Amino acid sequence: MITASAPAPAVDRPVPGRRTVRVIMAGLMLGVLLSALDQMIIASALRTMADRLDGLTFQGWATTSYLITSVLSAPLYGKLSDLYGRKTLYLISISVFLVGSLLCALAGSMYELAAYRAFQGAGAGGLMPLALAILADLLSPEERVRHQAYLGSVFGIASIAGPVLGGFFAGTDSLLGVDGWRWAFLINLPLGLIALVIVARLFALPNRRVAQRVDYGGVAALILGLVPMLIVTERGTEWGWMSARSAAMIALGLAGLGLFVLVERRMGDAALLPPKLFRSRVFTLVNVINFVVGIGIFGGMLLLPLYLQLVKGLSPTAAGLMLLPQTAAILAASRIVGPIVVKTGRHREFLVLGVTAVAASAFAFAALGVNTPLWVTGSVTAAMGLGVGVFFQVVMAALQDGVLPRDIGVASGLFTFFRQIGGAAGTAILVSVVFGVVGDRITQAFQAAHSTPSFQAALHDSAVLADPANRPVVQSAQDGNLIVDMNDTSFLEDLDPRLAAPIIEGMSSAISTAFLIVGITLALAVFLPLLLGGSATVSSLARPSFLKPRTRSTRDDPGATSRRTS
């Protein structure tokens, strides 16, 4: 969420040279690239990281911790930069991000990685909003639009390069004497240092202090509300949903959310989520849709690489390449639909289209199995990308059109806020689902396969019995109860395919269940845009009548205005 600062008088504003602007722009783009690239690299590398750190069942926290801290820190950076200067806060933001990246590269367990990812996210939260604010300080509105488009293009580059780089690093055992997966974080260091030096040396506009009320209490209360809820979502199956620990976490989370509502009402317009914006039914409904679809989108980003690597047996690099159809489809849909939405203003129809496409893709993913051809998987991936591209463009336009012009900056920030909070919740829920049911699904698949000739032949094959990689599974099978440690699935790479078959089948079934939940959730969300009413635009529904354009009949009939307003 980005809070716009008060405009400075034009006479006090030094005009930087073109070369200086270009170099500063390069530094800002590098910073934004780091933030965007980091999330995309993790998508294809996380399974390998979790296996190496013996914590695959805990992998969701490496994503949720980053999402929460990045989205909650973003509005704080915006307001604090009004108080202490853009340059100072940008340097702090990128420094925190780089220190967090180094710590992630040094992590020795998934618990450490999750904690360091939270620290890294606290830095990443400032990179994009501060880059936009610095451009606003440097450039006129006309020039600013063009340069903001350059920042937007960085996300396209990151979307293409991220999965490939993540797969490459995860698929490399060692690079310059360091574990390959650790380079997914180490790559941030040289790029970030260049950005740091550029902005530190060349950005020299004077700081214009603007009084701001910073909603520290709202951030703290929201953390108190969200984190216990996410913990019980992720650990509820292990603890028991009716256990004392689960009940305590739920109570703490509800208390935090209640406190957050009270704090936001007290802060008013300075709140993290300004209450006045949610007086519009349409604006509130669009944010609910954004939150729910965020569950599905981030859930898909988590589940698809797991399916490709664990079920289809692809290398991390190949899995990263399989994500490219989705990226290409997102970019294509965004370019096609964006201008149409701006021109027609018909948000409702496109919202239904986007959510329907993502929901249908989730159901299609739920139908994938061990023997599904990869071209089918690639086609479904591209279909989901089309839906995501349509949705992103429309929901942003809907949020901006649903508020008064002076609130567009805050409304735009809420797009990222609710999407990533939904993503954090979705990640925690779906990880819990997958690893909550996978044990039973593997047992069922083992019982079905145990009597088959192929499996029995493997159990009596002398070569299989002589291989140490097969012994744990053979022993479990002979005991009649296949027990698999899901915290490290790298053993599948060396396991005899006949013995691995029921394990892979069980994993496929568990992932399909999670995709089915995503599909059902999004199918219900398809009906939410219909509540916007008619085919009218969100702006016409949300804006007060006195802001609607006057027609010729209004000018001819002086009483029309009063009748319409009433």
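Computed over neighbours whose Cβ is under 14 Å from that of Ala425, the net charge equals 0, Lys and Arg +1, Asp and Glu -1.
What FRET efficiency do you get for Ile340 and Ile520 if R0 is 30 Å and r is their Cβ-Cβ distance, rounded to the nearest 0.05?
Working: r = 29 Å, r/R0 = 0.98.
With R0 = 30 Å, the Cβ-Cβ based efficiency is 0.55.
Which shape class, rounded, prolate or oblate, goes with the range 231-321 when its Cα gyration tensor gives a ≥ b ≥ c as root eigenvalues, a/c under 1.5 marks rounded, and past that a/b bigger than b/c marks prolate? Please report the intermediate quantities before stating the final value.
Working: a/c = 3.39, a/b = 1.49, b/c = 2.27.
In terms of gyration-tensor shape, oblate.
Annotation: Cα Rg of the range 404-526 relative to the compact-globule expectation 2.2 N^0.38 Å equals 1.55. Taking all protein chains as shown and a probe of 1.4 angstrom, Thr416 keeps an accessible surface of around 50 Å². Centre-to-centre separation between the Cα atoms of the range 22-76 and those of the range 91-126: 9 Å.
Around Thr48, under 14 Å between beta carbons, what's the net of Lys plus Arg minus Asp minus Glu among the other residues?
Working: positive: Arg47, Arg52, Arg182; negative: Asp51, Asp54, Asp173, Asp179, Asp488, Glu493.
For residues surrounding Thr48, the net value is -3.
For the range 260-336 versus the range 348-396, the spacing of their alpha-carbon centroids is 13 Å. For the range 168-304, a crude dipole built from +1 on the beta carbon of Lys and Arg and -1 on the beta carbon of Asp and Glu, taken about the Cα centre, is about 740 debye to the nearest 20. Assign one of three labels to the range 256-308, namely rounded, prolate or oblate, based on the Cα gyration tensor with a ≥ b ≥ c the square roots of its eigenvalues; rounded applies when a/c is under 1.5, prolate when it is not and a/b is larger than b/c, and oblate otherwise. Prolate, since a/c reaches 1.5 and a/b exceeds b/c. Each label was represented as a point 7 Å from its Cα along the Cα-to-Cβ direction; for Ile223 and Val288 these points are 3.0 nm apart.
Ranking of Trp181, Trp239, Trp61, Trp375 by solvent-accessible surface, largest first: Trp375, Trp239, Trp61, Trp181 (1.4 Å probe, protein heavy atoms only, all chains present).
Can you compute the charge dipole magnitude of the range 303-447 about its Cα centre, using +1 on each Lys and Arg Cβ and -1 on each Asp and Glu Cβ, nothing else charged? Give it in debye, rounded to the nearest 20.
Numbers: 8 positive and 4 negative charges, 41 e Å.
That gives a dipole near 200 debye.
Excluding Asp467 itself, calculate the net charge of residues whose Cβ lies under 9 Å from the Cβ of Asp467, where each Lys or Arg counts +1 and each Asp or Glu counts -1. Residues near Asp467 contribute -1 overall.
Tell me, what is the FRET efficiency for His450 and Leu83 to the nearest 0.05, using R0 = 60 angstrom and their Cβ-Cβ distance as r? Please report the intermediate quantities before stating the final value.
On the way: r = 67 Å, r/R0 = 1.11.
Approximately 0.35, to the nearest 0.05.
The simple spin-label model puts a point 7 Å past each Cα toward its Cβ; for Arg265 and Leu202 those points are separated by 5.0 nm.
Roughly how many debye, to the nearest 20, is the charge dipole of the range 464-511 about its Cα centre, given +1 on each Lys and Arg Cβ, -1 on each Asp and Glu Cβ, and no other charges? Don't skip to the end; give the middle numbers.
Details: 2 positive and 8 negative charges, 27 e Å.
Its charge dipole is roughly 140 debye.
Relative protection proxy for 303-315, 487-499, from highest mean packing down: 303-315, 487-499 (other beta-carbon atoms within 10 angstrom).
Which order do you get for Val337, Val288 if you rank them by accessible area with a 1.4 Å probe, largest at the top?
The residues order as Val288, Val337, largest area first.
Model label sites at Val370 and Ile194, defined 7 Å from Cα along the beta-carbon direction, differ in position by 4.7 nm.
Extension gain Ala332-Tyr111, at 0.36 nm per residue separation less the Cα-Cα distance, in nm? Contour length minus the Cα-Cα distance gives 75.8 nm.
The values are calculated or read from the model by the stated rules, or taken from the named source; none is laboratory data. Just so we're clear, the structure is a prediction, and the values are computed from it rather than from any experiment. For neighbour counting, all protein chains shown are included, and Cβ atoms are generated from backbone atoms with ideal geometry for every residue, glycine included. Surface accessibility is based on the protein's heavy atoms, side chains included, excluding ligands, DNA and RNA. Shrake-Rupley method; radii C 1.70, N 1.55, O 1.52, S 1.80 Å.
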